[in-house]
Structure formats: structure tokens, C-alpha cells
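Accompanying notes for the structure given below.
Quick note: the coordinates plus some simple rules give every number you see, no bench work behind them. All figures in this text were calculated on a predicted structure; none of them were measured in a lab. With ideal geometry, Cβ positions are generated from the backbone for all residues, glycine too; neighbour counts draw on all protein chains shown.
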Amino acid sequence: MSLWDEFLKFYYSMGFAAMTWQQAVMLTTSCVLMYLALKKGFEPLLLVPIAFGMLLANIPMAGLMDGPVYETVVKDNGEHYHKIKEVGGVLYWLYQGVKLGIYPPLIFFGVGAMTDFGPLIANPRSILLGAAAQFGIFTTFIGAMLLNLVPGLSFTLAEAASIGIIGGADGPTAIYLTSKLAPHLLGPIAVAAYSYMALVPLIQPPIMRALTTKEEREVVMDQLRQVSKTEKIVFPIIVTLVVSIILPSAAALIGLLMLGNLIREAVDFQSVLNRLSKTAQNELINIVTIFLGVTVGATANGEIFLKPQTMAIIALGLAAFSGGTAAGVLFGKVMYKWTGGKVNPLIGSAGVSAVPMAARVSQKVGQEANPGNFLLMHAMGPNVAGVIGSAVAAGVLLAMIGGK
Amino acid sequence: MSDFGSTMTYTLIVTLFGMGIVFIVLILLQYILESMRIIFSPKKKEAAVQKVTPVAVEAAEPVQQAAAAEMEDEEELLAVIAAAVSCCMGTRSNIVVRSITRVYDQTPAWGRAGRSEQMQSRF
């Protein structure tokens, strides 16, 4: 009989016995996400780590996201001290980089090193489109608060702000703000933000076509002027100073974004900086992406994820994206009128960051209307302005709601 | 319910402030960028464009005669090629382009695929 007892003992140490239905659903969800990432090519760089993190966190009894356990020991002389009983799971410790707001600024550092702000410097007016597209964030914020009227759903101001920031279409910003305001919603918000970013080519074009006339879509824009090296060097320094002094809460994101960009542009003056620039663009951002993806995925544990709240977040995220796109295009139309037809309203939709996907969508829709039209570089202006815009919006939300 | 009302009021205040500050900051940046152009950008470009234009017109004349049989939209292309040639040689004298032969791309398919991949990955 003792053989049977041993078998039972082993069986209870396995995952099967301890699995809850929520965990089973989450394991399936993570496999679906992995399928979408690998087979359909939905943001594979992020969705693969996120989906696998989700898988790891929902394995029963593995405890990868468990925190350390301390034991209070009282010495003979009455002194207390804490002794580590269990050190905690590996993902828990990696997650501290998200919780303490370390990874998103590091990602921004790499993004800055990869981004050419030239199109924005060449056409400063396009920065306004990057501002208009942030409208989606705030309409969704209001929408989430209005959902409090629906029985069974309740969002606090902090939660609503974190949901709204999905409309910024900027993964690191969304994660940064959520980790500060509503860390318990990180899983659903990160998954929604990155899924919709992957779906930008499907979500945006119908909205863009509906809001513009064929004549507007056919507008060919003047060629951008040449931007001097000095301007490119001065730009990151000035942006950091202006934005961080007005909004100290946005300094972490904007500061590192611009540091990365400064290093990138300064390579032409001091070629030794090439080493830093290369590391920021490749190794560093890749390493941080892995850590960020896996641990954000790991926050999606079944008990938290499978709630009506999550469905509401996913629906609101779509509204946020559509709202941002529409606001950008409408503001593009205003600029079209204002400049007497020199601005193609299609570049407005690129104001929702999602670099460079949103700019490519503008290019594609523009080319459908007029095959000889190349909007890509014009759309890159609002596109990179959108990154600054959503970081500013996150800074405002953090400053106004963070203290509440 | 009044609690909900006051929260909604605050929500609207945050929205107004938020959009306001986003616009103010970015408009401020716009003006800084405009002034940066005036301070740092050299004004050589316009002069260069003007220099090229007369050459292009001059050079385009013989080309049009030589290639009278060409399609309408190809004339523009010929003018551009002639202008580029004369610009490259640095002469302002009348040059005569007798014929332009199209050389088709000799790059193997793999090479082209690699090149387009390189260009795609830039954006």
C-alpha cells in the first residue's frame, strides 16, 4: 500500500490536482496569443514574451511570481530580525523593474536611439497632430468613469486613467503609468495595448477613409527641408528641458527618450559614442523587452484577468484607439483648410504613436487614393510627436491623479 | 449619487487640463522648433535650386527634339537626366544628349530582396 501512498503524494505535488478553471483558461489564452504572434505576426517581439509569461504565471504551484517570505526571529536578548524563509520566484524579482518603473524608461532610451526626429524638426507644425491624437486618451478616461453607472463594473480615477492611456498607442508609456496608478490592471492593459498596436493596420484605415474625401486623400505634400546636424543635437536637449520643467512627472520617460536620441545624433560629432548608440538600439532594448514582456505577461493571473473588468478594458481600449485616430484625422482636416490644402489629413492618424506602424498606414491609405503619393516621411512627423504627446499626457495624469 | 457627480466633475477637469497641457507643451515645442530653423539652418538650399533650374530648361530642349517619338510623360524624365548630367559635369554650355538607353536592373532576385529588406528595416 505504501507504493500507492507515494504515488498519491507525488500526484498532489503535480500541477493537475491544483489547477483552477481560471488557470486552465489562461493557459489556453496564452497559447492563442502565441499563435497570433507566431503565425499571424502580431507584434511578435512583445507578444511572444508576454504570452509565455502568462503561461508561466498560470502553472499551478510553480510560484514563479511569489514574493519572498520572511520570518521574524526573536533572539534571546530580545532583538528582532527578519530571516528569509523563501526567496521568491524569479519572475517576481524581474517584475520589480516594472513595479518600480525602471523598464519603461529604459525601453524609451532604446526607442530614442532608434528614432529620427528629423521629419518633425523639418515640419514643426505636424507636432500639433501628435497632440490632437491624444484626445482618445481622455475620451476613454471619461468613458471608463461613465461605466461606473453600469452595475457590476467600477473603475476608480486611477484605473480609468490607466485604461485611457491605451489610446496613446505607446506600450512603455501605458505600462509606466499603469504601474504607478493601478498596478493590479497591468496584465489586461498591457495585453490590450499591444494587441491593438498590432491591429493598427486594421483599425485605422476605415476610420481614415470615412472621415476624409478623396480629394483630401490625394493631396501631395511639399518635400521636407534638409535638417542640419546642429538642430538634431539641440532638439533632444531643448525638449527635455521644456517638457521636464513643465511636467516633472514626465521627466523619466522624456528624459531617457531624449538621452537615447542625443547619443544617436551625436555619433556624427564623436564617433566613440557609436558604441553606446549601438547598445541602446540593440542589446539593451532587447534585454529589457524580454524582461518587461515576460513579467507583464506574468501579472495576468487567472483570478485577476478573468473578470468583467477585463472585457470592459478591451472594449475601452478599442474606443481609445479609434478616438485617437479620428481626432488626429479631424485635426488634419483643420490643418488642410488652414494651410489651403497643403496638408494631407491622412497624416493626422499617425499622431497616435505606434511608431512606425501608424505612419505606414497613412502611407498606404494615401497611396490607394493617389499611387504617386509618398506620405511616409510626412507621417513620421506626427508619429514621433505622438510619442512625446502621449508621454506628456501620461505626465499630466500622473501629476493630477497620482497623488489622490 | 452626488459622490459620482463630484468624481465626474473632477474627471472633466482632468480632461480639460490634460488636453490643454498637451497642446500648450507641444505648441511651445513647435515655436521652439520654428525658431531653431531660423537660428541654425543655412540658407544655401534655395540658391542651389535656382542654379539648377535654367540648366535643366536649356538641356531639355535638344533632348525633346532627339526623342520626339518618346511618350509624353517620359519627357520629364529625360529632362531630369539631362539636367543631372550637366550638373555633374559642372558646365553651363549647351550640351546635346543624343540618346538615352534604359539599362535594366541586372541585380539577381536575391540581391533585390536583400536590398528591399534593408530599406524596410529602416522605418
*Under a plain spin-label model, where a point goes 7 Å from the Cα along Cα-to-Cβ, how far apart in nm are A:K364 and B:T107?*
2.3
*Too-long pairs where the Cα-Cα distance tops 26 Å, listed order kept, from A:K180/A:K307; A:K99/A:K307; A:K342/A:K364; A:K40/A:K333; A:K278/A:K364*: A:K40/A:K333; A:K278/A:K364
*Mind checking Rg over Rh on region A:97-401, alpha carbons, Kirkwood formula for Rh?*
0.97
*Quick one: angle between helix A:376-401 and the longest Cα principal axis of chain A, in degrees between 0 and 90, rounded to 10, please.*
50
*Given the rule -39500 (n - 2.57) for each run of at least 4 DSSP H residues, summed and divided by the residues of chain A, what is its mean residue ellipticity at 222 nm, to the nearest 500 deg cm²/dmol?*
-21000 deg cm²/dmol
*asked:* Using only Cα atoms and rounding to the nearest 10 degrees, what angle (0 to 90) does helix A:2-13 make with the longest principal axis of chain A?
replied: 30
*So, in Å, what gap is there between the alpha-carbon centers of region A:71-100 and region A:200-230?*
54
*For labels at B:V80 and A:R209 in the simple 7 Å Cα→Cβ model, what's the distance in nm?*
2.9
_Relative contact order of region A:132-189, defined on C-alpha pairs under 8 angstrom at six or more residues apart (%)_ = 32
_Could you work out how much longer the chain between A:H82 and A:E283 gets when fully extended? Use 0.36 nm per residue separation minus the Cα distance between them, nm to one decimal._
68.6 nm
*Kirkwood hydrodynamic radius for region B:1-42: how many Å is it when counted over pairs of different Cα atoms?*
12.6
*For region A:94-199, just say rounded, prolate or oblate: build the C-alpha gyration tensor, square-root its eigenvalues into a ≥ b ≥ c, call rounded for a/c under 1.5, and beyond that prolate if a/b exceeds b/c, oblate if not.*
oblate
*Using the Cα atoms as the points, what is the convex hull volume per residue of region A:267-378 in Å³?*
163
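Apply 1/(1 + (r/R0)^6) to the Cβ-Cβ distance of A:S228 and B:I24, taking R0 = 22 Å, and write down the FRET efficiency to the nearest 0.05. Spell out each step's value before the answer.
Working: r = 27 Å, r/R0 = 1.24.
The pair A:S228/B:I24 has a calculated efficiency of 0.20.
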*For the peptides B:24-31, A:85-92, A:335-342, what is the packing order when you average, over each peptide's residues, the other Cβ atoms within 10 Å and list the highest mean first?*
B:24-31, A:85-92, A:335-342
*asked:* Can you report the principal axis dimensions of the protein assembly as shown using only the alpha carbons, biggest first, rounded to whole angstrom?
replied: 104, 61, 50
*Evaluate the Debye formula for region A:19-123 with equal point scatterers sitting on the alpha carbons, no solvent, and hand back log10 of I(q)/I(0) at q = 0.16, 0.18 Å⁻¹, in q order, two decimals.*
-0.92, -1.02
*What does the charge add up to near A:V69, with Lys and Arg as +1, Asp and Glu as -1, over the other residues with Cβ less than 11 Å from its Cβ?*
-1
_For A:240-252, mean number of other protein chain Cβ atoms within 10 Å_ = 1
*Give me the number: length gained by fully extending B:M119 to B:S99, i.e. 0.36 nm times residue separation minus the C-alpha to C-alpha distance, one decimal in nm.*
4.0 nm
*Report, to the nearest 10°, how far helix A:229-246 tilts away from the longest principal axis of the Cα atoms in chain A, using its own Cα long axis and a range of 0 to 90°.*
60
*What's the average, rounded to a whole number, of partner chain beta-carbon atoms within 10 Å of each residue's beta-carbon in A:384-395?*
3
_For A:312-318, mean number of other protein chain Cβ atoms within 10 Å_ = 0
*Which trypsin sites (Lys or Arg not before Pro) from region A:193-241 combine a DSSP loop assignment with at most 14 other Cβ atoms within 10 Å?*
A:R225
*Contour minus Cα-Cα distance for A:T156 and A:Y70 (0.36 nm per residue)*: 27.7 nm
